[in-house]
Amino acid sequence: MPSVSSLYRAIQRELGAWYDAHHRPLPWRQAVSAYHVLLSEIILQQTRVEQGIGYYHRFVEAFPRVEDLAGATEDEVLLLWQGLGYYSRGRNLRRAAQIIVSDYGGELPHTPEELSRLPGVGPYTRGAILSFAYDLPYPTVDGNVYRVLSRLFALTDPIDTTAGQRVYWALAEALLDRAHPSRHNQGLIELGALICLPRRPLCVECPVGDYCEARQRGIQEQLPVKQGRTEVRPRYMYYFLVRLQTEGETSCLIRRREGRDIWHGLYEYPLIESGETPLSVEELCETKEFTQLLGGLRSPSFHPTPLATQTHRLSHRLIQASLYLIDCAGLAGATDYLVIPEGEQTSYAFPVLIQRLREKIR
Ligand code: ADE
């Protein structure tokens, strides 16, 4: 039996050599600043690398320096963020940039305490910035690293509980190669992305396969353990494409979502929600909101068959959305909605759900 420290050293050595030889040349790994690490890591939360690359390039081009991002409007940031989901990440990124500029002269701080004060920067992103950007000896654990560590050491502590996560963070800290924190942490992530795959891991190609406890016991595909999924509940949303025909131009109604709910800051069509209970068309037409909407229009004509329907999965919600058409001759009075030419919708950031509905009616 090797001692713990010699086992850890062997893992560090094999992992580091493998990373040097095999890592993907991802754009945020090419001699970048801490700002670029922040950008990429916020984009990559809940986003696949292949999808994140395009967004990363567009953000770097639009906001090459943290000052550029700090000076952007929320609408500009959300328009670029469109399609990535979890829009609070985009809003937080802009607010973090503003703090970096106002409180730190445009340079990301170098301590965990200061980094933690930035909106949207949790333990993972904090460790990523400190290690990837500054090569400081801090661990970081994302979904890939949870999987690698749970298999390497055959840990059955659930990765979706606070108590379980503490175990993995402590282990990541102990295993950290303090001479090469950036290479080591990125090596663990890369191993999870390329070799230690969720299903059918490529154990024969694994640089640390000889040290892998799960592989020795043949239980790698049963790890990591999750305590349990939270229930996914339905949410019914009825959108209305209100088409106004005025002076030869077709316009539609949109509004900016406010409040603390999903998608705030994004734009949407008039919407009626019925929570977890679906509505028949008759029930929809009897709602107060529907009467109000129609009452604000001149000569409205409601088409009772949806133009499109779309299902949209969020982490704890399954949204069932329908898009209905209302034609009208114009507004009957003042309105809280924006009236925009139909062709100008691409200038506004909409949730992907609405984009999908729109694609289906083309
Ligand atoms: N996933 C999250 N962060 C990543 C990174 N820096 N490189 C590759 N995949 C990642």
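The values are calculated or read from the model by the stated rules, or taken from the named source; none is laboratory data. Everything numeric here is computed off the predicted structure, so don't read it as measured data. Here the Cβ positions follow ideal geometry from the backbone for every residue, glycine too, while neighbour counts run over all protein chains shown.
Some observations on this one:
- Test: residue 211 is more than 16 Å from the ligand (Cβ to nearest atom) and under 30 Å from residue 299 (Cα atoms): no
- The range 230-331 holds strands (runs of 3 or more DSSP E) entirely within its bounds, and those carrying 2 or more residues that are more than 19 Å from residue 343 (Cα to Cα) and touching a Cys at 6+ places or on another chain (Cβ under 8 Å) map to 301-313.
- Residue check, residue 50 within 16 Å of the ligand (Cβ to nearest atom) and among the acidic types (Asp, Glu): yes
- When 184, 180 are checked against the criterion of being at pLDDT 95 or above and within 25 Å of the chain's Cα centre (by Cα), a single residue qualifies: 184.
- Residue in the range 106-114 that is within 30 Å of residue 257 (Cβ to Cβ), within 16 Å of the ligand (Cβ to nearest atom) and not assigned by TED's automatic domain parsing to the domain that holds residue 355 present: no
- Qualifying residue in the range 203-224 (condition: touching a Ser or Thr at 6+ places or on another chain (Cβ under 7 Å) and either in a loop (DSSP other than H, G, I, E, B) or in contact (Cβ under 8 Å) with a residue 60 or more places away in the chain (or both)): yes
- Looking across the range 1-33 at every residue that is exposed (fewer than 11 other Cβ atoms within 10 Å of the Cβ) and over 26 Å from the mean Cα position of the chain (by Cα), the one that is nearest to the ligand (Cβ to nearest atom) is identified as 21.
- Condition check for residue 36: within 14 Å of the ligand (Cβ to nearest atom), out of contact with any Ser or Thr (no Cβ under 6 Å at 6 or more places or on another chain) and within 20 Å of residue 135 (Cβ to Cβ): yes
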